[in-house]
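The structure appears below as structure tokens.
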Amino acid sequence: MTGSPDPEIRALLSFLHGQRRHVLGILDGLDTDALRRPVLPSGWNCLGLVQHLAPDVERFWFRAVVAGDQDVIESSAAEGDAWQVDPEVQAAEILDRYRTEAGLADTVISATAADTPLAWWPHHLFGEPHLHTLRDVLLHVITETACHAGHLDAARELLDGRRWMVLT
């Protein structure tokens, strides 16, 4: 973990790191066919979910919304449906992009105070702002990542029976 001077940010980042580990850990050991196999009626697959997390969550919320990176803001509008994985893209490439975007997000997070106002808000997507500071975005992303980790738990159990955390 990077060295944010703010204890609150360090604590929140620690929770986010735990959820990111869960996302990657529940997929560990799945072969490419299983990573690409939809198991729920909605039709998404594990790789599509991770691909969504990289640009639509890590990149979007931290580099665009928190940091206001104009290149990221402009390129976000041009990106297609991240949930759809091109068959030519290797699974490792998607997993590596998620790790890379998480690392870039950590750089933004560690350099920003908890109460820092957001640099940009996507009115065209969400209307009036409902998140206002880095703290708000961190809590939102922790929640979204945890929710998607749960989706991956269900998918993994349907694929091969493996479960991430079982309390007995």
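The values are calculated or read from the model by the stated rules, or taken from the named source; none is laboratory data. Everything numeric in this text was worked out from a predicted model, so none of it was measured. Using ideal geometry, Cβ is built from the backbone for each residue, glycine included, and neighbour counts are taken over all protein chains shown. For the accessible areas, the whole protein counts, side chains as well, though only heavy atoms, and no ligand, DNA or RNA atoms are used. Shrake-Rupley method; radii C 1.70, N 1.55, O 1.52, S 1.80 Å.
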Report summary line: Gyration tensor on Cα atoms of the stretch 12-98, a ≥ b ≥ c root eigenvalues, a/c under 1.5 rounded, else prolate if a/b beats b/c, else oblate, says oblate
Report summary line: Computed curve, the stretch 83-168, Cα-only Debye sum without solvent term, log₁₀ I(q)/I(0) at 0.11, 0.13, 0.15, 0.20 Å⁻¹, is -0.49, -0.67, -0.85, -1.14
Report task. Set Lys and Arg Cβ to +1 and Asp and Glu Cβ to -1, take the dipole of the chain about its Cα centre, and tell me which of GLY127, PRO41, THR112 lies farthest positive. Result -> PRO41
**Report entry** Listed peptides 152-159, 34-41 by packing density, highest first (mean Cβ within 10 Å)
**Finding:** 152-159, 34-41
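Dipole magnitude of the chain about its Cα centre, charges +1 at Lys/Arg Cβ and -1 at Asp/Glu Cβ only, in debye to the nearest 20?
It comes to approximately 520 debye.
On the accessible surface of the chain, probed at 1.4 Å, how many percent belong to carbon and sulfur atoms?
54 percent
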Report task. Take the alpha carbon atoms of the stretch 138-158, find their center, do the same for the stretch 39-79, and report the distance between the two centers in whole angstrom. Result -> 15 Å
**Report entry** Solvent exposure of the chain as accessible area per residue, Å², 1.4 Å probe
**Finding:** 52 Å²
Query raised in the report: Mind checking the angle between helix 134-160 and the chain's longest principal axis? C-alpha axes, 0 to 90 degrees, to the nearest 10.
Result: 0 degrees
Report summary line: To the nearest 10 degrees, the tilt of helix 91-110 (Cα long axis) against the first principal axis of the alpha carbons of the chain is 20 degrees
Query - Among LEU159, VAL65, ALA78 - extreme Cα towards positive end, dipole of the chain, charges at beta-carbon - result: LEU159
